[in-house]
Amino acid sequence: MFFRWIERNPFFMAAWISLVIAVAGLIEIVPDFAKAARPVEGLKPYTVLELAGKEVYKKDNCIACHSQLIRPFKSETDRYGDFSVSGEYAYDRPFLWGSKRTGPDLHRVGRYRTTVWHEAHMWNPPAVVPGSIMPAYRHMWKNAADIETAYAEAVTVKNAFHTPYGPGIRKGKEAWEKYKPTVLAQARKVAEEMKGTEGVSKEEVLKMIDSGKVPEIVALIAYLNRLK
Amino acid sequence: MQSNAALEYDYSLAKKFTFLTILFGFLGMLIGTLLAAQLAFPSLNYLLGEYGTFSRLRPLHTNIVIFGFTVSGIFATWFYIGQRVLKVSLKESKFLMTVGNIQFWLYFVGALLAVVSLLMGITESKEYAQFEWPFDIVVVIIWVLWGLNIMGLIGIRREKALYISVWYYLACFLGISMLYLFNNMALPTYFTSGGLGSFFHSVSMYSGTNDALVQWWYGHNAVAFGFTVPIVGMIYYFLPKESGQPVYSYKLSLLSFWGLLFVYLWAGSHHLMWSTVPDWMQTMGSVFSVLLILPSWGSAINMLLTMKGEWQQLTENPLIKFMILASTFYMLSTIEGPIQAVRSVNAIAHFTDWIIGHVHDGVLGWVVFMIMSAIYHMTPRMFKREIYSKKLIETQFWLQTTAVVLYFTSMWIAGITQGMMWRAVDEYGNLMYSFIDTVNALHPYYVIRTIAAIMYLAGFMMFMYNIYKTVTAGREIEEEPQFRTPIAA
């Protein structure tokens, strides 16, 4: 019998196991791969500042409690806006759909929340949403977002996956030094919309940006505003 | 049964990994308990500054439990079972001992560094695959070393036919290798941008929907090949060994093994129901999830029937009690999963605490119970001492069983409550509840879950104490017990 034989021949057993395991992946994942990667029309890649914000989102693991996937039910579209479609995620590496909603979905949070709302909320969530169990993320005002790494990511996806970035995004230190003011200007624009909190004034945030550092909170808000 | 008297096994690796299993088990559960408490009492988020928030700690909990506790448990039991069912001692091969020791130290140091990296927020942010690329490489090396040991030991075996447990360990090794490699494909941005930014950062090779598909093909099957396959392999060895009963049916074990391997991988897409993944994949995920009941229950029933005619052992031997309950929780968990994979149920259950409940009745009830019984079985044989206290095991058993039941019932209610509240509309079709209403409604269940977590952790500490006392002060035994593990009354 086949199985009696294979139990005595470990090499063939290992080969057979691998084959049996691999079937599902091949049949399910491969066929629609190219199609699923296509962007919707008019989709723009994330700016370097937004990418830096996405890194903050990843670093503090917002995905533990927030999804970015609106399912096609009326109860969801009423609450969060249009249901999500595949092409909207074409530039999301990694995808950040999440698997648990301890807090609400954020896929279109940029449509209904503002810079000021996020600023007040990240500083002290229960003050904005009474009863909220979300922790405050005040360290985001102190820590600088890693804009250089975000730039490195933009360069990488431009070269490797042909993500449509402009000619300013190029390899090397020099190109980055040249591009950096663009990022700082974007950050300044977001910061100017902010009001300041009881702990950190608007001026301090602006001063940090003028010294060449973008506070994490500014990058994060730029990213959240982009989610539309 | 053949006597093992002629061979002297080398348990040094099994002992080392057993120690790590206990250490990581404690750490993982401690952090888990803190997380549970943070949801009930948010002020607990500020104990460790920016490093202590729920969001930052959650990957630490999952990764320590998966890659720390469970994987050490798999290694520990392999280095124990492997020699015995292949009838060959690690003493016979210097090479395999060296490989095993390198594996151990690399794993220990790698695990500590990985913990630090997650605390720092260095993460790929893919669930259960958070480690950044340098740590991924270390994981791959450790895994290959382990594979080398499996293959090597098989290569020099005396027993020609591979016992059922070996099939499962082999499948665990091969399955995880495949999944881990494909899911973690990423480009390190430092090298592709001409030396800019962080050395650790990388960007996924897949985007959006594809990334989700590969991730959940991995995520679901990391559960398959980490939390199911090797644990089934353990029970196939330890239950017959502890009870002195032969496995009930060879055919049933064949059917469930090959069935499990073939069916499990398809089911990954049930994590992506109602998402932007093509419909046909979601349907496949749903159908195969239901099919998965067959091989899962096949193994579990095979184990229960192994006890046929010997059910009195359940009252006499606490280890049998642990293993039978583990098997039962496995059945519960593997019927619950398919139910959640039905489209209409998934629409309510997805994104809620019901999923968290499901994971925990599987892990707390099945994985942890099984690994603890394995350690209870192995310790007297490795250290030649009697288990220190039966009373402690009994108390631990009831405490932890109650804890698991409290945990999953509270999370079921929490999940279904929230799922129903999200979709509730008034007579005019307007949403009835704001999101925060649905959060505040869960408070009592979060409190119950915290209590359950504390109880379970307390039970685990009893286990730690019992093992510690066994090793240091248990009564010494001359001859290795053939079946039932000796336990002091």
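Derivation of every value follows stated rules applied to the coordinates shown; laboratory data play no part. Bear in mind that the values here come from a model prediction, so they are computed numbers and not experimental data. A quick note on method: Cβ atoms are made from the backbone with ideal geometry, for glycine too, and the neighbour counts reach across all protein chains shown.
So, counting K/R as plus one and D/E as minus one, what does the shell of residues with Cβ under 13 Å around residue B:114 add up to? Charge balance in the 13 Å sphere: -3. Convex hull volume of the C-alpha atoms in segment A:111-228, normalised per residue: 118 Å³. Pairs exceeding 29 Å between alpha-carbon atoms, taken from A:58/B:15; B:15/B:126; A:59/A:158; B:94/B:321: A:58/B:15; B:15/B:126; B:94/B:321. Here the dipole of chain A is about 200 debye; that uses its Cα centre as origin and unit charges on the Cβ of Lys and Arg (positive) and Asp and Glu (negative). In a reduced charge model with +1 at each Lys and Arg Cβ and -1 at each Asp and Glu Cβ, segment B:30-154 shows a dipole moment near 460 debye about its Cα centre.
What order do you get for B:40-50, A:55-65 when each peptide is scored by the mean count of other beta carbon atoms within 10 Å, highest first? Each step should come with its number before you reach the end.
Working: B:40-50: 15.5, A:55-65: 23.4.
Ranking the peptides B:40-50, A:55-65 by packing returns A:55-65, B:40-50.
With a sphere of radius 15 Å drawn around the Cβ of residue A:37, what net charge do the other residues whose Cβ falls strictly inside it have (Lys, Arg +1; Asp, Glu -1)? After counting each charged neighbour, the total is -2. Using just the Cα positions, wrap segment A:1-56 in a convex hull and report its mean projected area in square nanometres, one decimal place. Over all viewing directions, segment A:1-56 projects a mean Cα-hull area of 7.5 nm². Placing pseudo-labels 7 Å out from each Cα toward the beta carbon at residue A:128 and residue A:44 gives an inter-label distance of 2.3 nm. Across chain A, the relative contact order, built from alpha-carbon pairs under 8 Å that are at least six residues apart, equals 26 percent.
Here the extension length gained between residue B:30 and residue B:468 equals 155.8 nm, from 0.36 nm per residue of separation less the Cα-Cα distance. Pairwise alpha-carbon distances in segment A:23-104 exceed 15 Å for 69% of all pairs. More than 13 angstrom separation, counting every C-alpha pair in segment B:231-280; what % is that? Summing the P(r) tail past 13 Å for segment B:231-280 gives 69 percent. Placing unit charges on each Cβ (+1 for Lys and Arg, -1 for Asp and Glu) gives segment A:71-228 a dipole about its Cα centre, and among A:81, A:118, A:163 the Cα reaching farthest toward its positive end belongs to A:163.
Antiparallel DSSP bridges in the protein assembly as shown: what percent, to the nearest 5? Write down the numbers at each step before the final one.
Details: 6 of 8 bridges.
Of the beta bridges lying entirely in the protein assembly as shown, close to 75 percent run antiparallel.
When the protein assembly as shown is described by a simple charge dipole with +1 on each Lys and Arg Cβ and -1 on each Asp and Glu Cβ, the residue from A:14, A:205, B:417 located farthest towards its positive end is A:14. Placing a pseudo-label 7 Å from each Cα along the Cα-to-Cβ vector at residue B:461 and residue B:437 gives an inter-label distance of 4.1 nm. Here the extension length gained between residue B:483 and residue B:151 equals 116.7 nm, from 0.36 nm per residue of separation less the Cα-Cα distance. Taking the average, over residues, of other Cβ atoms within 10 Å as the packing measure, peptides B:403-410, B:346-353 rank B:346-353, B:403-410 from highest down.
Per residue, the average separation of C-alpha pairs within less than 8 Å and at least 6 apart gives chain B a relative contact order of 15 percent. The calculated pair-distance distribution of chain B uses every alpha carbon pair, bins of 10 angstrom beginning at 0, and gives 4, 19, 30, 28, 14, 5, 1, 0 percent.
A Cβ-based charge dipole, computed about the Cα centre of the protein assembly as shown with Lys and Arg at +1 and Asp and Glu at -1, lands at about 880 debye.
Across segment B:353-437, Cα pairs under 8 Å and at least six residues apart give a relative contact order of 43 percent. For the protein assembly as shown, the residue among B:346, B:109, A:2 whose Cα projects farthest onto the positive side of the dipole built from Cβ charges is A:2. Kirkwood's formula applied to the C-alpha pairs of segment B:278-430 gives a hydrodynamic radius of 17.7 angstrom. Subtracting the Cα-Cα distance of residue B:315 and residue B:97 from their residue separation scaled by 0.36 nm leaves 74.5 nm. Under 19 Å from a label point set 7 Å out along the Cα-to-Cβ vector of residue B:402, the amide N atoms of segment B:364-384 belong to B:364-365, B:369.
What is the distance in Å between the Cα centroid of segment B:443-458 and that of segment A:98-124? Each part reduced to its Cα centre gives a spacing of 28 Å. The label-point distance for residue A:18 and residue A:2, in a model that sets each label 7 Å from Cα toward Cβ, rounds to 1.9 nm.
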